[in-house]
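Engineer: This is the structure I want to talk about, given as structure tokens.
The values are calculated or read from the model by the stated rules, or taken from the named source; none is laboratory data. None of the values given here were measured: they were computed from a predicted structure. Accessible surface areas use protein heavy atoms only, side chains included; no ligands, DNA or RNA. Shrake-Rupley method; radii C 1.70, N 1.55, O 1.52, S 1.80 Å.
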Amino acid sequence: VKLSVAQLRSTGTVKYAYLGLSSEDLFPQLARHLGVPVDHGSIVGSVAPGSPAARAGLVGGTRRIAFDVQQYMVGGDVVSKFDGRELNNNYNLVTAVTDANPGQSVTLEVWRGKSKREVRVTLGTRPSGG
């Protein structure tokens with residue numbers, strides 16, 4: 001709210017950063033089940049076409065599984081860090097993007113299978129209605 005009010009006062013509009021993916025919690029039990037080499041972070045379920053995440057080459061899930069009475073889209077990337085900060089859960093990714101600014105360039109630590117890489121992403125502006 002403070003961010004929104006400050007923007008409204010200074011510019012008359014509010015803009016939020018946008019990564020362009022949907023994701024879910026990765027937790028130790030699910031990580032072991034999937035054979036993922038990290039036990040925390042965000043499982044990328046889908047990537048919006050043309051979004052900053054898509055332009056950076058992030059990949060969403062390819063298959064749906066049931067685990068511990070919940071459905072997950074798996075087979076895509078796992079994001080474990082945002083600008084060097086560990087993501088203990090998916091909420092940490094959502095908060096990190098929310099706290100960032102449109103146009104800001106950030107580094108994500110991304111796991112694809114057992115391979116880790118650093119991905120540089122320039123955040124966009126969240127589209128209207130979402």
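Engineer: Between helix 2-11 and the chain, what is the angle of the helix's C-alpha long axis to the longest principal axis, kept within 0 to 90° and rounded to the nearest 10?
Structural biologist: The two axes meet at around 40 degrees.
Engineer: Between Tyr16 and residues 5 or more places away or on another chain, which pairs have amide H atoms under 5 Å apart, with H built 1.01 Å from N, and which residues are they?
Structural biologist: So Tyr16 has HN proximity to Arg126.
Engineer: Now a separate question. Which of Gly75, Gly41, Gly113 ends up with the largest GNM mean-square fluctuation for the chain, with Cα atoms connected below 10 Å?
Structural biologist: Of the options given, Gly113 has the highest mean-square fluctuation.
Engineer: How tilted is helix 90-99 with respect to the longest principal axis of the chain? Cα atoms for both, answer in degrees (0 to 90, nearest 10).
Structural biologist: 20 degrees
Engineer: May I pose another question? Among Leu34, Leu58, Leu21, determine the one that fluctuates most according to a GNM of the chain built with springs between C-alpha atoms less than 10 Å apart.
Structural biologist: In the Gaussian network model the winner is Leu34.
Engineer: Can you sort Phe27, Phe82 by solvent-accessible area, 1.4 Å probe, largest first?
Structural biologist: Output order, biggest surface exposure first: Phe27, Phe82.
Engineer: Considering only protein heavy atoms and a 1.4 Å probe, what is the carbon-and-sulfur percentage of the accessible area of the chain?
Structural biologist: Carbon and sulfur: 51 percent of the exposed surface of the chain.
Engineer: How would Arg32, Arg85 line up by accessible area, probe 1.4 Å, largest first?
Structural biologist: Arg32, Arg85
Engineer: Stokes-Einstein at 4 °C, 1.567 mPa s, Kirkwood radius from Cα pairs: D for the range 27-68 in µm² s⁻¹?
Structural biologist: In µm²/s, the coefficient is 111.
Engineer: For the chain, compute Rg over Rh where Rg is the Cα radius of gyration and Rh is the Kirkwood radius from the inverse mean 1/r over Cα pairs.
Structural biologist: That ratio equals 1.00.
Engineer: Same structure, new question: Using only alpha carbon pairs under 8 Å that are at least six residues apart, calculate the relative contact order of the chain and give it in whole percent.
Structural biologist: Rounded, it is 26 percent for the chain.
Engineer: Rounded to the nearest 500 deg cm²/dmol, what is the calculated helix-only ellipticity per residue at 222 nm for the chain, with -39500 (n - 2.57) per DSSP H run of length n ≥ 4?
Structural biologist: -6500 deg cm²/dmol
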